[in-house]
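What follows is one structure encoded as structure tokens, with my remarks underneath.
Every number in this text was worked out from the coordinates using simple rules, so none of it is lab data. If you're wondering where the values come from, they're calculated on a predicted model, not measured in any experiment. Neighbour counts are summed over all protein chains in view; Cβ atoms, including those assigned to glycine, are modelled from backbone coordinates with ideal geometry.
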Amino acid sequence: MTNKPVAVIDIGSITARIKIFDINAKGKPKLIEAVRKVTHIGSGSFISGRIETAQVDALCKCLNMFRDKCKEYKVSKVFCVATGAFRDAENSDVVVEKIRNRTGFRIDVLDNSMERYYQNIAVQALYPDFKKMTEDGTMILDLGAGSMQATVFDKSELVFSQNILLGAMRVSELLSDLENRTTHYKDVLEEFVTQDLNDYHAVEPKGIIYKTLIAFSGEMGYIKKLAGYDPLSNAVMSRDDFLKVYDYLLRARPTDLTLKDNVPSPIAPLLLPAALIVKNMLEYTGVENIHLPHVSLCDGIIWDYCYRHMKYKLAVKPDSYLVSMARNTAKRYRCDKKHIEFVETASLAIFDEMRKYSGLSERDRLLLQLAAIMHELGKFIAARDYSEASYDIIMRIKPIGLSPEELNMVALVVRLYSKVNLYNNYYYSLLTPSGKVTVSKLTAILRLADSLNASHKEKIKKMTVFMQGDDLHISCVSEADMSFEEWAFDHRCELFEEVMGIKPVLRVRREK
């Protein structure tokens, strides 16, 4: 056991939650206590765009109660995060500072990518056989208050993930004025949801045969309860049982749900939009059962903490999904597979040999790998200035598990590797000093690796990278004429020598 427990506080749009964990000698977390309180912090914010003073007061009161709970357990570390309601509020920064002054908690407002990353970690930790489960088509449906994330796995790889502004609270608030103006509100609701989901289906990869659908949200516990399941269970619900609940929600009014079924009044109007989204995906995937796990953002944060800092081994390394998603994205944009495989291998070989000289981290290695895999995405839509298009694509797909800063670094390396001068680039100028150094070094490595296959003909059959004195030697064996690659190498090695302080040398041995 650790000397003191660890706490995770999740400030959602409707409720705030604290979970307190002990971590054993093997780095595995065990839940000690969980408390949840309705705060309404997101109520109205999806329309007004602001978190109001009354909501801040209610949240501060809740957080002070959580602070007392942390003192009671002598908590050693607290993670305090907020999601969509803060992310979308125009006064978020002011509110975060006000809460810090009044409670002492420093709130980390998660961007969508990191929020969904932690949610997926929670699901994977819950299912020990997750890798086997995802050998066949699997969709994880993460329903937030403000948006929905659909993540697709196949052949045990993360294939695709897409966020849509279609959360249950957002839909309920946007259409609330219609409820009193039409007798066909539920028909309008279905049209609204279906239209947005059709937009998702238009971009989702085709040809996947789904065997598993996993859905979770704050509302799913109440849907499980209405179906006769334990709301805190990790349930597997049949299609028929789910559709019975859906039909009941179509007939019931929110007040009926509160009075007859003990659904809290803030939650009751959200059940039908949530069920409608799940119903659509249930019909789309064609699966017979739906997994409804009892997991939360808090669980994902503590599992990730144990994995990265307590050396706990998860069944699947989370970062591996970033690589598989990058490869599937490159496939979707019809990149030259052999070329990107060569550039990826060459980039990592140069990075590994330069590790002790470069000052770069293992995480930087992952960012380089992602940039190498996706460096030619833009060629799908632009022959000229394709690196600009590649940048735009990467910034829009927002791979799950990259912070905004890391995402920007990957996209910038891809944007700059083909430029003659990266220093005069506007986006480069916006980086922090340390960010400029990292991007410069990763760009220099990618630029060098790409030059070794400038013709896209994979002429190099064998390559060895090693340091000799103050030079980095890249020794290649080829059966073909390497004149073009040697010319490209000479023209692209200047940045590497400048930022690394080491001269790259290419030596080619021709074999027949």
| note | Fewest to most Cβ atoms within 10 Å: Leu141, Leu158 sort as Leu141, Leu158
| said: Given the options Ala315, Met237, Gly27, identify the residue whose Cα lies farthest towards the positive end of the charge dipole of the chain (+1 on Cβ of Lys, Arg; -1 on Cβ of Asp, Glu). | reply: Gly27
| Label selected from [x] 26.9; [y] 28.2; [z] 23.8, the criterion being mean projected area of the Cα convex hull in nm² as computed here | [x]
| Once the Cα atoms of helix 386-397 and of the chain are each reduced to a long axis, what angle between those two axes, in degrees from 0 to 90 to the nearest 10, is obtained? | 30 degrees
| Mind checking the angle between helix 53-73 and the chain's longest principal axis? C-alpha axes, 0 to 90 degrees, to the nearest 10. | 80 degrees
| Cut-off under 5 Å, modelled amide H: who pairs with Phe79 long-range | Ala7, Val8, Ile9
| said: Compute the angle between helix 185-203 and the longest alpha-carbon principal axis of the chain, please, reported from 0 to 90 degrees and rounded to the nearest 10. | reply: 10 degrees
| task | Work out how much length Lys4 to Thr464 would gain on full extension: take 0.36 nm times their residue separation and subtract the Cα-Cα distance, in nm to one decimal. | result | 160.7 nm
| Which of the peptides 308-319, 387-398, 78-89 is most tightly packed, and how do the rest follow, judged by the mean count of other Cβ atoms within 10 Å per residue? | 78-89, 387-398, 308-319
| Burial order of peptide ranges 149-157, 279-287 (average beta-carbon count within 10 Å, highest first) | 149-157, 279-287
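If we sort 436-447, 413-424 on the protection proxy, mean other Cβ atoms within 10 Å, highest first, what's the order?
436-447, 413-424
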| Dipole in debye (nearest 20) - segment 318-510, about Cα centre, beta carbon charges: Lys, Arg +1; Asp, Glu -1 | 500 debye
| message | Given Cβ point charges of +1 (Lys, Arg) and -1 (Asp, Glu) and nothing else, what value in debye, to the nearest 20, does the dipole of the chain about its Cα centre take? | response | 1320 debye
